[in-house]
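Read the structure below first, then the notes.
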Amino acid sequence: GAEVHAYWENRNLLGAGEWLRAQATLGQTDQELDVSFRKPDIFVPRLALLANTNASSKHTDAYDSDSLSAGTGLEYGFTDRVIGTFGIAYRYADIKEEDEETYGLVSFPGTIDWDFSDDLLDPSTGGRVKLFGAPYFDTLGTGTRFYKTQLTHSRYFSVLDEKRLVLALRGSLGAMDGASREDIPADERFYSGGGGSVRGIGYQLAGPLDDDDNPLGGRSLAEFSIELRSRFTDSIGGVAFLDGGNVFDNAVPDFEEPLRLGTGAGLRYITPIGPLRFDVGVPVDRRRGVDDAYQVYISIGQAF
């Protein structure tokens with residue numbers, strides 16, 4: 001559905017490059033307020049202090065979730081293009097699936113980001129790699145403990161000069177271990193389907209469903225995207241794409257189960273802040289009563 005973001009940002013809060021950002025999200029399924037702070041070059045160059053607070057309310061076919069969270073951590077730039085983070089976070093969440101559960105999750109998230117693309121907003125060569133991992137421990141009596149990790153890689157190949165034809169590829173793998181699917185909070189499980197993963201498949205619907213065709217989520221994830229991007233003029237472009245993905249109950253992806261596929265085409269209007277995107281996707285193997293005949297996506301920026 002529709003979603004609107006608004007933010008206020010100060011990039012030099014105390015005179016030494018401190019960055020403070022407050023962002024509000026108002027959407028049909030997601031309402032969120034997020035405040036982030038970053039102080040660079042603490043103790044040594046390239047080492048930054050991070051802090052974040054968040055309040056969110058999400059309502060999807062899979063679950064309803066209301067949560068408050070706070071976290072702090074450190075960010076280190078190994079190079080200008082390779083950045084690592086590590087921190088501690090706490091999230092209090094009230095989650096309603098079939099039953100209502102309350103969790104107090106302590107986590108220790110870490111990430112490695114490597115961006116070797118040529119353009120942040122509209123890349124044509126190079127690529128990006130992101131690795132995320134975190135252990136989670138519930139403090140409110142359920143005894144839930146699990147570990148979550150995800151690796152996502154995107155690559156871009158300029159087939160013709162001046163970005164006239166670009167082949168873009170994306171793959172993502174995720175895994176969770178330490179607890180069964182039912183014991184993992186519903187809003188921490190993996191989901192696939194929708195504009196950020198498998199276009200043509202409904203939001204969160206590329207995976208196991210319950211008897212009412214609501215998504216259950218899973219403990220592992222596998223996704224891919226292939227997109228051919230062309231420029232007709234300096235400001236108008238088009239794409240053709242094939243996306244695939246699924247989530248699985250196993251702790252690692254089970255490739256014996258088929259991926260849900262979506263395909264389609266779209267238009268791009270190139271602006272100084274990135275492309276305006278209009279995509280139409282259709283499911284390759286439509287499930288009656290589950291998949292719509294087509295899905296429409298309107299957003300800012302390339303799909304990946």
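The values are calculated or read from the model by the stated rules, or taken from the named source; none is laboratory data. Computed from a predicted structure; not experimentally measured. When we count neighbours, we look across all protein chains shown, and the Cβ atoms used for this are built from the backbone with ideal geometry, even at glycine. With ligands, DNA and RNA removed, areas are computed over all heavy atoms of the protein, side chains included. Shrake-Rupley method; radii C 1.70, N 1.55, O 1.52, S 1.80 Å.
With a Förster radius of 25 Å, plug the Cβ-Cβ distance of LEU165 and ALA2 into 1/(1 + (r/R0)^6) and report the FRET value to the nearest 0.05.
0.20
Leaving out ligands, DNA and RNA, what percent of the accessible area of the chain is carbon and sulfur, probe 1.4 Å?
58
Just report the Cα centroid separation between the range 2-29 and the range 268-300, whole Å.
27
With every protein chain left in place, what is the accessible area per residue of the range 154-273 in square angstrom, probe 1.4 Å?
44
Run the numbers for LEU140 and VAL290: contour at 0.36 nm per residue of separation, minus the present Cα-Cα distance, in nm.
Roughly 50.4 nm would be gained on extension.
Within the range 1-78, list the chymotrypsin sites (Phe, Trp or Tyr not before Pro) lying in a DSSP loop whose Cβ has at most 10 other Cβ atoms in a 10 Å radius. Kindly include the intermediate steps, with their values, before the conclusion.
On the way: sites: TYR7, TRP8, TRP19, PHE37, PHE43, TYR63, TYR76, PHE78; in loops: PHE43, TYR63, PHE78.
Qualifying residues, ordered by number: PHE43.
In Å, what Kirkwood hydrodynamic radius results for the range 160-284 from the alpha-carbon pair distances?
Working: mean 1/r = 0.0639 Å⁻¹.
About 15.7 Å for the range 160-284.
Counting only other residues whose beta carbon sits under 14 Å from that of LEU151, what net charge do I get with K and R as +1, D and E as -1?
With Lys, Arg at +1 and Asp, Glu at -1, the neighbours total +3.
Hey, quick one: spin label on GLU182, modelled 7 Å out along Cα-Cβ, who in the range 85-126 has an amide N within reach, i.e. under 15 Å?
Under 15 Å, as judged by backbone N against the label point of GLU182, lie 97-101 of the range 85-126.
Candidates (1) 16.6; (2) 18.8; (3) 17.5; which is the computed mean projected area of the Cα convex hull in nm²?
Working out mean projected area of the Cα convex hull in nm² from the coordinates points to (1).
Modelling each spin label as a point 7 Å along the Cα-to-Cβ direction, I'd like the THR125/VAL280 distance in nm, to one decimal.
Label-label distance for THR125 and VAL280, simple model: 3.5 nm.
Note down the nm distance, to one decimal, between modelled labels 7 Å out along Cα→Cβ at ALA51 and at LEU33.
Distance between the two pseudo-spin positions: 1.7 nm.
Karplus couplings for the range 136-150 from phi (6.51 cos²θ - 1.76 cosθ + 1.60, θ = phi - 60°), rounded to Hz, Gly and Pro as x?
The phi angles translate into 10, 9, 7, 9, 10, x, 6, x, 5, 9, 7, 10, 10, 9, 8 Hz.
Let me know the charge dipole size of the chain about its Cα centre in debye, to the nearest 20, where only the beta-carbon of Lys, Arg (+1) and Asp, Glu (-1) is charged. Spell out each step's value before the answer.
On the way: 29 positive and 47 negative charges, 279 e Å.
Charge dipole of the chain: 1340 debye, to the nearest 20.
Short version: ³J(HN,Hα) in whole Hz for each residue of the range 88-101, in order, from phi by Karplus 6.51 cos²θ - 1.76 cosθ + 1.60 (θ = phi - 60°), x for Gly and Pro, what are they?
10, 9, 10, 9, 9, 9, 10, 10, 10, 10, 6, 10, 9, 10
Ignoring the sites themselves, what is the longest stretch of the chain with no GluC sites (Glu not before Pro) in a DSSP loop and at most 11 other beta-carbon atoms within 10 Å?
The longest such stretch corresponds to 99-255.
Which residues among the range 271-304 fall inside the zone where the amide N is under 17 Å from a point 7 Å beyond the Cα of ILE236, along Cα→Cβ?
271, 275-279
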